[in-house]
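Each remark here refers to the structure printed beneath this line.
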Amino acid sequence: MIKQLDDKYVLPTYARQNINFVEGKNATLKDDKGDEYIDFTSGIAVVSVGHSNDRLNRAISDQIAKMIHISNLYQIEPQAKCAERLVTLSGYDMKCFFGNSGAEANEGAIKIARKYGEVDGEPKRYKIITLEHSFHGRTITTVKATGQESMHNYFGPFPDGFVYAQNIEQIESLIDEHTVAVMIELVQGEGGVQPLDRQKVKVLADMLKKKGVLLIVDEVQTGVYRTGEFLASNLYDIEPDIITLAKGLGGGVPIGVVMTSKKDVLKAGDHGSTFGGNYLSTTAGNTVLDILSELKDSGELDHTFIYFEEQLNKFYETNKRLFLDSVGFGLMRGLRVKDADTLSLIISSCSKEGVMVLKAGKNTLRFLPALTISKKEIDEGFKRLNKAVKDL
């Protein structure tokens, strides 16, 4: 019945599996047939504190009993507190703007950079360099910022000013008098769980500062402890000018944030969002930050990272006939599969065995479990994974 409704009334923009989940708890989901699945995807890095987290549920319930939304024409207490938390946890001297998604956060970053590049009497600086295989969103502007030519089909003409570098080393040669910013993901997620080299990133960050070119770091997927530290930027020991966040910050409630040290660039009326930063989303954000920062401070989060990595490595070593490499940080992990056909077979077999995994790039099996995933769920998930690939 649900599939018939979906086929009839929903645009077919996703190649959906025919599974209807009806409830979940932490990293375990149950479908309408009563079958259980171990979730190694967390809604593509969104459900950071697990499904039906009691503490998050209570916070949301308490808030919606009072107020969900007013507008950004008034003070919003949880928004201001969430901004304070984000800035404090980041360690950077910044201010925040709240939207509803990663794409919106990246749109905000682009607008900040381009207004920053508008200086009276000087050549307009508007060009933004991004990397090939990057992913920055689905809006007309962020899809053009995305360094994947296949995603540019059909939707042009696009805004001008985006330049694609094949790698970090090429970026400097592409900078000219019209370049205002470089925008990167420190670990390319949709591009195949591809971490950038730390030393090369530090060299890039230093070079950009000397040239007065802004560094934008898209942390939509890597942020909020996904890669081990609060931000992947902390892990790489750099100081970006602009950072974008979304996904795991709301624990499932839509939210996006652009943070910047260029605090005075945007003025009243330059940018806005009807829903961005409302009581519901920022209450969720504050609660997620409370839960995860406490887990980080206690050491429990790091123990989870270590245990998951250990089990992943065992799975990798046991099944090397299928895999070429193990990549990623924290709970943003991937296994390079020997070819795309084998990857498709693995994902299909995993679904049948009741374990949820993802594809990234052309040949990467991607893992993005909830940061609260239990050892029991990790063990059960890898037990099912081994069963799924046994005969491949």
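The values are calculated or read from the model by the stated rules, or taken from the named source; none is laboratory data. Owing to the predicted nature of the structure, the values given are computational and were not obtained by experimental measurement. So basically every Cβ, Gly included, is an ideal-geometry build from the backbone, and we count neighbours across all protein chains shown. Ligands, DNA and RNA are stripped out before the accessible areas are found, and what is left, the full protein with its side chains, is counted by its heavy atoms. Shrake-Rupley method; radii C 1.70, N 1.55, O 1.52, S 1.80 Å.
Structure values in brief
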read-out	value
Neighbour-limited loop hits for chymotrypsin sites (Phe, Trp or Tyr not before Pro), the range 120-219 (at most 12 other Cβ within 10 Å; DSSP other than H, G, I, E, B)	Y154, F155
Packing-based order for 249-258, 211-220, 196-205, using average beta carbon neighbours within 10 Å, highest first	249-258, 211-220, 196-205
Residue of P369, P12, P123 that the Gaussian network model of the chain assigns the largest fluctuation, springs spanning Cα pairs under 10 Å	P12
Reach of K3 by Cα under 16 Å, taken over aspartates and glutamates that are not fewer than 8 positions away in the same chain	D31, D32
Set of aspartates and glutamates near K111 by C-alpha distance (under 16 Å), chain-local residues within fewer than 8 positions excluded	D160, D218, D241, D264, D270
Three-way shape call for the range 183-273 based on the alpha-carbon gyration tensor, with the a/c threshold at 1.5	oblate
Karplus-derived HN-Hα couplings along the range 271-278 (A = 6.51, B = -1.76, C = 1.60, θ = phi - 60°), whole Hz, x at Gly and Pro	7, x, 7, 4, 8, x, x, 6
Those aspartates and glutamates that a straight Cα-Cα span of less than 15 Å connects to K30, excepting residues fewer than 8 apart in one chain	D39, E353, E377, E380
When each of K127/K209; K81/K211; K320/K359; K127/K210; K209/K262 is checked by Cα-Cα distance, pairs over 23 Å	K81/K211
Charge sum, other residues only, whose C-beta stays under 15 Å from K296's C-beta, Lys/Arg counted +1 and Asp/Glu -1	-4
Per-peptide average of other Cβ atoms within 10 Å, ordering 272-285, 50-63, 350-363 highest first	272-285, 350-363, 50-63
Highest-fluctuation residue, T141, T41, T260 considered, GNM on the chain with Cα pairs under 10 Å	T141
Centroid-to-centroid separation of the range 70-143 and the range 332-392 [C-alpha atoms, Å]	33 Å
Shape call, the range 255-392: gyration tensor on alpha carbons, a/c limit 1.5	prolate
Environment charge of R114, counting only residues whose C-beta is closer than 10 Å and scoring Lys/Arg +1, Asp/Glu -1	+4
The range 152-287 - share of DSSP beta bridges that are antiparallel (%, nearest 5)	45 percent
Neighbourhood net charge (10 Å Cβ-Cβ; Lys/Arg +1, Asp/Glu -1) for V327	+2
Cα gyration tensor category, rounded, prolate or oblate, for the range 1-71 with a/c compared to 1.5	oblate
The chain: calculated mean residue ellipticity at 222 nm from DSSP helix runs of at least 4, using -39500 (n - 2.57)	-12000 deg cm²/dmol
Highest-MSF residue in the chain out of E185, E118, E239 [GNM, Cα springs under 10 Å]	E118
Accessible area per residue, Å², the range 1-143 with all protein chains present, probe 1.4 Å	59 Å²
